[in-house]
Amino acid sequence: MSLPRSVRLVEVGPRDGLQNEANPVSIADKVALVNDLTDAGVRHIEVGSFVSPKWVPQMAGSAEVFAAIDQHPGVAYSALTPNLRGFEDALAAGVRQVAVFAAASESFSQRNINCSIKESLERFAPIMEAARANGIQVRGYVSCVLGCPYEGVISPQQVAVVSRELLDMGCYEVSLGDTIGTGTPGATRTLLEVVAARVPRQQLAGHFHDTYGQALANIYASLLEGISVFDSSVAGLGGCPYAKGASGNVASEDVLYMLDGLGIDTGIDLDRLIDAGLGISRALGRATGSRVAKARLSA
Ligand code: HMG
Ligand code: MG
């Protein structure tokens, strides 16, 4: 398969990235990050989560962040919602796109959202209904698609079944999460071939954590499999609080550098994206996790 001419990057740094920060990040710093990402040309930003603050304290205040950001037309500003309560809070905060998150692993589902896979899908049903009634778009996630921190190997068929269920429920797209970053390009291609037998490739996205340094290679493998939507995290921020040792998503700057080099259009300006990553890194008091940003700094 040939490479796509354009790719949609979903920036998950403000959510997947910051949810795993040890130190609290101020509302002002979160707002500045989202605004910088918008100014860099990012067209989909996952801004926060409406989850229990006891489970993920770093995402408390997501409503305030939504209220303060500059929302540009044509840009999707989305939030995670694990249950109807989260959805209603998101709706009240003016959110127009949400994401529900399931897993391909039973143990991860229990640890992350305290219920089985089947129960999680049942919990999403009222969200889907309320979303339809309010004209809200819903994205779906499947975690642990290339391995689970508790169960190890996960069958691609199981990923395909959960992905199909999410689409049948009304999700417009399913993002496949390599939560612990153990996937390699060969396993990624096999996974996508199995899942694509049940879900059209244009409704699939790749969400690669870079724990084992495989994320860019996995994205390239996915491009060759006809996938053209990828999640990434500016400055490589992040991890997952329920997947011990999981490092951040692949750095957005590094993905963009690769896509620019391949002549694939994203609409995002690399220099401005690097600046957005350096801004949040400064606010966090640590070095950027983007190799491209580091190289530019030392050039
Ligand atoms: P639970 O304890 O089973 O739920 O948690 P509950 O209904 O019994 O409620 C417990 C308490 O939470 C109650 O408060 C509720 O009011 C409150 P209390 O009475 O104890 O004071 N509560 C809420 N508060 C705020 N917002 C809500 C909400 N719902 C209940 N929406 C629950 C179940 C799903 C709530 C919990 O497990 C949870 O919040 N989990 C979130 C986990 C999470 O955010 N994980 C990280 C995101 S997923 C991820 O990173 C993976 C991804 O990146 C893809 C990949 O990499 O694979 C997407
Ligand atoms: Mg993630």
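Readers should treat all values here as calculations from the given coordinates under stated rules, not as data from a laboratory. Nothing here was measured: the structure is a model prediction, and the numbers come from that model. Because the Cβ atoms are built from the backbone with ideal geometry, glycine has one as well, and the counts that use them run over all protein chains shown.
Overview of results
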read-out: Which listed residue is touching a strand residue (DSSP E or B) at 6+ places or on another chain (Cβ under 6 Å), part of a helix (DSSP H, G or I) and not polar (S, T, N, Q), from LEU146, LEU166; value: LEU166
read-out: Qualifying residue in the stretch 116-127 (condition: outside any helix (DSSP H, G or I) and either free of Cβ contacts under 8 Å to residues at least 60 places away in the same chain or loosely packed, with under 13 Cβ neighbours inside 10 Å (or both)); value: yes
read-out: Test: GLY263 is part of a loop (DSSP other than H, G, I, E, B) and more than 19 Å from the chain's Cα centre (by Cα); value: yes
read-out: Selected residue [of a type outside the set (S, T, N, Q), within 15 Å of ligand 2 (Cβ to nearest atom) and out of contact with any Asp or Glu (no Cβ under 6 Å at 6 or more places or on another chain)] from PRO149, PRO156, PRO185; value: PRO149
read-out: Count - residues of the stretch 53-75 that are farther than 30 Å from ASP265 by Cα, touching a residue at least 24 places away in the same chain (Cβ under 8 Å) and not in a helix (DSSP H, G or I); value: 3
read-out: Residue satisfying condition, being within 21 Å of ASP39 (Cβ to Cβ) and of a type in the set (A, V, I, L, M), within set ALA276, ALA287, ALA299, ALA217; value: ALA276
read-out: LYS30 being basic (Lys, Arg) and in a loop (DSSP other than H, G, I, E, B); value: no
read-out: Lone qualifier among VAL194, VAL162, VAL174 - being touching a helix residue (DSSP H, G or I) at 6+ places or on another chain (Cβ under 9 Å), within 16 Å of ligand 2 (Cβ to nearest atom) and over 20 Å from PRO149 (Cα atoms); value: VAL174
